[in-house]
There are 2 protein chains.
Amino acid sequence: MVPNWDDMRVFLAVAREESLSAAGRRLKIDPATVGRRVARLEASLDAPLFTKSQQGYVLTPIGERLLDHGLKAEEAMRAASGSVSGSSKTLSGQIRIGAPDGCATYLLPQVCAKICDANPELDIQILSLPRVINLSRREADMAITVSAPTAGRFLVQKITDYRLHLVASQEYLNAQAKIENLEALRRHRFIGYIPDMIFDRELDYLVDIGVERVALASNSISVQLGQASLGSGVCVGHDFALPFHPNLRKILTDQLSLTRRYFLIRHQGDQRNERLNRFAQALTAGIREEVVRLEAEASP
Amino acid sequence: MVPNWDDMRVFLAVAREESLSAAGRRLKIDPATVGRRVARLEASLDAPLFTKSQQGYVLTPIGERLLDHGLKAEEAMRAASGSVSGSSKTLSGQIRIGAPDGCATYLLPQVCAKICDANPELDIQILSLPRVINLSRREADMAITVSAPTAGRFLVQKITDYRLHLVASQEYLNAQAKIENLEALRRHRFIGYIPDMIFDRELDYLVDIGVERVALASNSISVQLGQASLGSGVCVGHDFALPFHPNLRKILTDQLSLTRRYFLIRHQGDQRNERLNRFAQALTAGIREEVVRLEAEASP
DNA sequence: AAAATATTTTGCAAAAATGCAAAAGGAGGA
DNA sequence: TCCTCCTTTTGCATTTTTGCAAAATATTTT
C-alpha cells in the first residue's frame with residue numbers, strides 16, 4: 001500500500017528512457033527487475049502508470065502527473081546527497097560530463113585522467129555530443145558549452161578562452177604556392193563541419209571567414225584534423241589540438257585568429273552540492289591549465 | 001554508493017522519533033531492520049547521521065542538514081501518491097486524525113465507524129490529544145481544532161458549529177434548591193478542565209461564565225461528565241455528549257448558551273491529494289450529521 | 001540495592017528481491 | 001517474405017533483505 005520510495009527512482013528512469021532495458025542500463029540493474037519494480041509501484045498506487053508494449057513503455061496521463069512530483073522528489077534527494085559533503089577527502093561515485101567534441105577529444109581525456117588518479121573511487125563519463133546537450137533531462141551532471149544558455153535555470157561559469165587558427169599540413173603547404181593573405185584562400189579546399197549539423201553558431205567558424213563551400217566535412221573535429229593532416233586541405237582548428245597532429249601548421253596567424261570561450265553549465269539545484277562543486281572546481285582548473293599548456297606547445 | 005531512496009523514508013522516521021524501536025513501530029518494520037537501513041544510508045552517504053546510544057538516536061549536524069532535504073522529498077512523495085487518484089472507488093491505507101477530546105470521544109467513533117464500513121481497506125487512527133496538535137511534524141494527516149491556526153501554511157475548513165450548556169445530574173438537581181439564575185451558581189461546585197492544562201482559549205468555558213474556582217478538574221471531558229453524572233457538581237458540557245450520559249440535564253439554557261466551532265486543518269501540500277480530499281469530505285459530512293442528530297436528541 | 005523495563009545490537013532462518021537465461025513478440029531492412 | 005535485432009516477459013537459482021529471538025546495556029522503579 002505505502003509505496004517504496006526507491007521505486008520512484010526507477011519510475012523516473014523508465015519515464016525518461018521510455019524503455020525498461022534502457023532504464024536498466026542507466027541504473028545498472030536488470031531490465032526484468034526494472035519491470036517488476038514498476039509493476040510494484042503501480043500496484044501500490046493502484047493506477048496504471050505506463051502503456052506497455054514491445055517497443056517500450058510510455059507514460060499514461062496518470063503517469064505524467066506522477067512524473068511532476070517525482071521530479072521534485074528527485075531534486076530533493078539529489079540535494080540531500082549533495083548536502084552531506086561526503087566527509088571523505090576523495091570524491092567517489094559517477095559523474096557524467098557533456099562536452100563539444102573538440103573539448104572532449106583534446107582536453108578532457110588528460111584532465112579527467114588526472115582527476116581520476118587523485119580520486120580512485122571516482123568514475124567519470126565523457127559524453128562527446130554532436131548537439132546541444134539537454135541538461136534539463138539530466139542526461140549529464142554538467143556540460144561544457146561554447147555559449148551560455150539564455151533560458152532555463154542554470155549555473156553558468158566561464159572556464160577559459162581558447163584560440164583557433166587556420167591550419168594545414170606541412171606537406172600540403174610545401175606543395176602549394178605560399179598563402180599570402182585571406183584572398184588567396186579562395187583557391188584552396190576547405191575542411192569543416194557538416195553545415196546543417198552545426199548546432200551552435202559559435203562553431204560556425206567558416207562563415208566568419210567568408211568561406212561558403214566545404215569540400216570535406218565531418219561532424220567530428222578530430223576527423224577534420226585527421227584529413228587536414230593527410231594534406232587534403234585547409235581547416236580551422238583549435239590551437240590546443242595541434243600538439244596531437246604534429247605535422248599541422250598554423251597559417252595566416254597574423255590575419256586570422258578566432259577566440260572562443262568554454263562555459264561550464266550546471267543545474268541550479270546542484271548549487272550546494274559539495275561533491276559536484278569540488279569536481280567542477282577540479283575540472284575547470286584542469287581545463288584551464290591544459291589549454292595554457294597545449295597552446296604554448298602549439299605556438300612556435 | 002548511490003543511496004536507496006527508501007532508506008530516506010526510514011531515516012525521517014528515526015530522526016522524528018529519535019529511536020529505532022519507535023520508528024519501527026511507526027513504519028511497522030522491525031527495529032533491527034530500521035537500524036540496518038540507517039547504517040546502509042550512512043554508508044552510502046559516507047557520513048555519520050546519528051549519534052547512537054542505548055537511549056536513542058539523535059541527529060548529528062550532518063543529519064540535521066540531511067533532514068531538511070528529506071522533508072522536501074517527503075512532501076514530493078506524498079504529493080505524488082496523492083496525485084494518482086487511486087482509481088479504486090474505495091479508500092484504503094491508513095489515515096490519522098488528531099482531535100480535541102470532546103470530538104474524539106463523542107463524535108468520531110460513530111463517524112469513523114461508518115466511514116470504515118464503507119471502505120473496508122481503510123484504517124483510521126483517532127488521536128485524542130490534550131494539546132494543540134503539531135501538524136507540521138506530520139503527527140497526523142489532519143486535525144480537528146476549535147480555532148483556526150494563525151500561522152503556517154494550512155488548509156482550513158469549517159466543519160460545524162456546536163453548542164455547550166451547563167449540565168448537572170438529575171439527582172443533583174433534585175437535592176438542591178432550584179437554580180434560578182447565574183447568580184445562584186456561585187453556591188455550587190464546578191467541574192471543569194484543569195486550568196493550567198487548557199491549551200486553547202476557546203476551551204476555557206468557565207472564564208466566560210465568570211467562574212473562578214474549579215473544585216473537580218480533569219483534562220478529559222468524559223471524566224468531567226462522568227463526575228457530573230454522579231452528582232458531584234455542575235459542568236459545562238457539549239450538547240452532543242448528553243445522549244451518552246442519560247441522567248444529565250441542561251440547566252439555565254435560556255440564560256447561558258455557548259457556541260463553538262470545529263475546523264478541519266490539513267497540510268497545504270495535500271490540497272490535491274484526492275485520497276485525503278475524499279476522506280475529509282466524508283469526515284466533515286459525517287461529523288455535521290452526527291452533531292445535528294445528537295443535539296436534537298439532547299434538546300428536550 | 002535489586003528487579004524490571006526500556007533501549008540497541010547480533011545471530012540465524014525464512015522470505016523477498018535480484019540477475020541471468022531463455023522465450024515470445026514485433027519493427028525494420030535485405 | 002524472411003531474417004535479424006530490438007524489445008518485454010517468464011522461470012529459476014542465487015543473493016540480499018527481513019523478522020524473530022536472544023543478548024547486552026543502561027535507566028527507572030520497587
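The values are calculated or read from the model by the stated rules, or taken from the named source; none is laboratory data. All values reported here derive from a predicted model rather than from experimental measurement. A quick note on method: Cβ atoms are made from the backbone with ideal geometry, for glycine too, and the neighbour counts reach across all protein chains shown. Surface accessibility is based on the protein's heavy atoms, side chains included, excluding ligands, DNA and RNA. Shrake-Rupley method; radii C 1.70, N 1.55, O 1.52, S 1.80 Å.
For every residue, the table says whether it meets (1) surrounded by 15 or more Cβ atoms within 10 Å (Cβ to Cβ); (2) away from DNA strand C (no atom under 16 Å from the Cβ).
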| position | (1), (2) |
| --- | --- |
| A:SER19 | yes, no |
| A:GLY35 | yes, no |
| A:SER53 | no, no |
| A:TYR57 | yes, no |
| A:LEU67 | yes, yes |
| A:ALA76 | yes, yes |
| A:GLY82 | yes, yes |
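Kindly indicate which of B:TYR57, B:TYR106 is over 25 Å from the mean Cα position of the chain (by Cα) and away from chain A (no Cβ under 13 Å). Exactly one residue qualifies, and that residue is B:TYR57.
Taking the criterion of being over 30 Å from A:TYR162 (Cβ atoms) and within 22 Å of the chain's Cα centre (by Cα), the only residue of segment A:83-103 that qualifies is A:SER92. Considering segment B:259-287, the residues that are farther than 27 Å from A:LEU66 by Cα and surrounded by fewer than 16 Cβ atoms within 10 Å (Cβ to Cβ) include one that is farthest from the chain's Cα centre (by Cα), namely B:THR259. If you go through segment B:1-27 and keep only what is among the hydroxyl-bearing types (Ser, Thr, Tyr), within 11 Å of DNA strand D (Cβ to nearest atom) and part of a loop (DSSP other than H, G, I, E, B), you end up with nothing.
Only a single criterion out of (1) under 21 Å from A:MET1 (Cα atoms); (2) open to solvent by 30 Å² or more (accessible area, probe 1.4 Å); (3) small (Gly, Ala, Ser); (4) away from DNA strand C (no atom under 16 Å from the Cβ) is not satisfied by A:ALA39, namely (4). Here B:GLY210 clears all of (1) at positive phi; (2) modelled with pLDDT of 85 or more except the condition numbered (2).
Which members of segment A:157-177 meet the condition of being in a strand (DSSP E or B) and surrounded by 13 or more Cβ atoms within 10 Å (Cβ to Cβ)? Walk me through it before giving the result.
Applying the first criterion (in a strand (DSSP E or B)) to segment A:157-177 yields A:157-169.
Residues satisfying the conditions are A:GLN157, A:ILE159, A:THR160, A:TYR162, A:ARG163, A:LEU164, A:HIS165, A:LEU166, A:VAL167, A:ALA168, A:SER169.
For segment B:88-112, the set of residues classified as small (Gly, Ala, Ser) and under 21 Å from B:HIS238 (Cα atoms) consists of B:GLY98, B:ALA99, B:GLY102, B:ALA104, listed by residue number. Within segment B:1-43, which residues are under 22 Å from A:ALA73 (Cα atoms), touching a strand residue (DSSP E or B) at 6+ places or on another chain (Cβ under 6 Å) and away from chain A (no Cβ under 11 Å)? Listed by number, the residues that qualify are B:VAL14, B:ALA15.
Taking the options B:LEU67, B:LEU71, B:LEU49, name whichever one is away from DNA strand D (no atom under 14 Å from the Cβ), at pLDDT 90 or above, under 28 Å from B:HIS267 (Cβ atoms) and over 31 Å from the mean Cα position of the chain (by Cα).
On the way: B:LEU67 fails: over 31 Å from the mean Cα position of the chain (by Cα); B:LEU71 fails: over 31 Å from the mean Cα position of the chain (by Cα).
Sole residue among the options that is away from DNA strand D (no atom under 14 Å from the Cβ), at pLDDT 90 or above, under 28 Å from B:HIS267 (Cβ atoms) and over 31 Å from the mean Cα position of the chain (by Cα): B:LEU49.
Of all the criteria given as (1) within 16 Å of DNA strand D (Cβ to nearest atom); (2) at pLDDT 90 or above; (3) farther than 24 Å from A:THR90 by Cβ, the one not satisfied by B:GLN54 is (2). Here B:ALA15 fits the description: under 30 Å from the mean Cα position of the chain (by Cα), in the same structural domain as B:ALA73 (by TED's automatic domain parsing) and more than 9 Å from DNA strand C (Cβ to nearest atom). Hey, does segment B:89-97 have a residue that's crowded, with 20+ Cβ neighbours inside 10 Å, away from DNA strand C (no atom under 16 Å from the Cβ) and facing chain A (nearest Cβ under 9 Å)? No - not one qualifying residue is present in segment B:89-97.
Looking at B:ARG275, is it out of contact with any Gly (no Cβ under 6 Å at 6 or more places or on another chain) and basic (Lys, Arg)? It is false that B:ARG275 is out of contact with any Gly (no Cβ under 6 Å at 6 or more places or on another chain) and basic (Lys, Arg). Annotation: B:LEU185 fulfils all but one of (1) at pLDDT below 90; (2) open to solvent by 50 Å² or more (accessible area, probe 1.4 Å); the unmet one is (2). Quick check on B:LEU122: is it open to solvent by less than 10 Å² (accessible area, probe 1.4 Å), away from DNA strand C (no atom under 16 Å from the Cβ) and more than 9 Å from chain A (Cβ to nearest Cβ)? Taking the combined requirement at face value, the residue satisfies it.
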